[in-house]
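Only one structure is covered here, and it is reproduced in the block below.
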Amino acid sequence: MNHLLLLLVVQLSLTFGVAGLLWPERLVTVFDVLMFPWPATYRLVRANAWGAILLSLILFLALMAGMRA
């Protein structure tokens, strides 16, 4: 059951990362709400998308390492 939750986090992170790279104009409005005092830019959305993809890769590798041990 613990692996299922981690797999869900990996999938959500990967989904938002790819969506941020393919459609940053749609996510700028979400980032405007989340980062209220600062204006959201396309560069910020793309940087966050790359971070989400990197996070999903790290979590996936941690999951695979945990299954082998």
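The values are calculated or read from the model by the stated rules, or taken from the named source; none is laboratory data. Keep in mind it's a predicted model, so treat the numbers as computed, not measured. Note that we place each Cβ from the backbone using ideal geometry, even for glycine, and neighbour counts take in every protein chain shown. Only protein heavy atoms, including side chains, enter the accessible area calculation; ligands, DNA and RNA are left aside. Shrake-Rupley method; radii C 1.70, N 1.55, O 1.52, S 1.80 Å.
Entry comment: accessible area of the chain is 78 Å² per residue, from protein heavy atoms only and a probe of 1.4 Å.
Dividing the convex hull volume of the alpha-carbon atoms in the chain by its residue count gives 85 Å³ per residue.
Computed from label points 7 Å out along Cα-Cβ, the spacing between THR29 and ALA62 is 3.3 nm. Every helix of 4 or more DSSP H residues in the chain counts as -39500 (n - 2.57), and over all residues that averages to -29500 deg cm²/dmol at 222 nm.
Against the chain, whose longest principal axis comes from its Cα atoms, helix 42-68 is set at around 10 degrees.
The long axis of helix 2-22 is offset from the longest Cα principal axis of the chain by roughly 30 degrees. Rounded to the nearest 0.05, the FRET efficiency derived from the C-beta distance between GLN11 and TRP38 at R0 = 35 Å is 0.80.
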